[in-house]
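Okay, so here's the structure we're looking at.
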Amino acid sequence: MKKGKKRIAKAIGSLKLEHKTDKVVPVKKFALRLVKFASFALILILISVAIGTFGYHYIAKLSWLDSFHMACMILTGMGPTNIMETNGAKLFSSFYALYSGIAFLSITAVFFAPVIHRVLHILHLESDEE
């Protein structure tokens with residue numbers, strides 16, 4: 001169990017960005033950072049879609065394809081495609097929609113964080129040089 005925790009801590013540690021007093025990282029290192037952040041965002045998307053797919057399949061009794069479709073549509077904010085007929089299905093759909101709103105914004109922030117950080121870092125360095 002300790003090895004798993006260390007591996008996760010190392011992976012999260014590799015997502016750290018440089019301090020404002022440090023130089024801007026070279027393009028190769030920045031490209032690697034983009035891949036890491038995009039991979040992390042993709043993992044979060046896959047986990048979120050899996051939660052929705054399993055929930056809609058087992059709680060709302062939708063087919064696997066309909067469950068996947070519904071989870072994707074809710075996660076991206078497009079809205080539901082099927083009517084939830086039971087109270088349990090309605091509750092799951094409601095809570096998944098709330099989760100999805102937060103998850104979508106968070107995943108978008110994770111995906112764009114390196115680009116925004118680099119732009120702000122460059123702008124900060126330019127203002128310090130003046």
Top-ranked residue in the range 70-84 [being exposed (fewer than 12 other Cβ atoms within 10 Å of the Cβ) and free of Cβ contacts under 8 Å to residues at least 24 places away in the same chain; ranked as farthest from I47 (Cα to Cα)]: I83
Residue selected from the range 85-102 under the condition surrounded by fewer than 12 Cβ atoms within 10 Å (Cβ to Cβ) and among the aliphatic types (A, V, I, L, M), by the criterion farthest from L44 (Cα to Cα): L98
Cβ pairs under 8 Å, 6+ apart, first in the range 34-51 and of a type in the set (S, T, N, Q), second surrounded by 14 or more Cβ atoms within 10 Å (Cβ to Cβ): S48/A71; S48/L75; S48/Y99; S48/S100; S48/A103; S48/I107
Residue in the range 43-50 that is under 30 Å from K16 (Cα atoms) and not hydrophobic (A, V, I, L, M, F, W, C) present: yes
Options I74, I83, I47: the member that is within 14 Å of the chain's Cα centre (by Cα) and either on the phi > 0 side of the Ramachandran plot or at pLDDT 85 or above (or both): I47
Condition check for A41: in a helix (DSSP H, G or I), within 17 Å of the chain's Cα centre (by Cα), among the small types (G, A, S) and surrounded by fewer than 19 Cβ atoms within 10 Å (Cβ to Cβ): yes
Odd one out for V27, checked against (1) modelled with pLDDT under 85; (2) surrounded by 11 or more Cβ atoms within 10 Å (Cβ to Cβ); (3) closer than 24 Å to L123 by Cα: (2)
Filtered residue count, the range 58-69, keeping only those that are more than 18 Å from I47 (Cα to Cα) and either in a helix (DSSP H, G or I) or among the charged types (D, E, K, R) (or both): 1
Count - residues of the range 51-69 that are surrounded by 12 or more Cβ atoms within 10 Å (Cβ to Cβ), farther than 12 Å from A103 by Cβ and of a type in the set (A, V, I, L, M): 3
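The values are calculated or read from the model by the stated rules, or taken from the named source; none is laboratory data. Only a predicted model underlies this, so the values are computations on that prediction, with no experimental measurement involved. Reconstructed Cβ throughout: ideal geometry from the backbone, glycine too, with neighbour counts over all protein chains shown.
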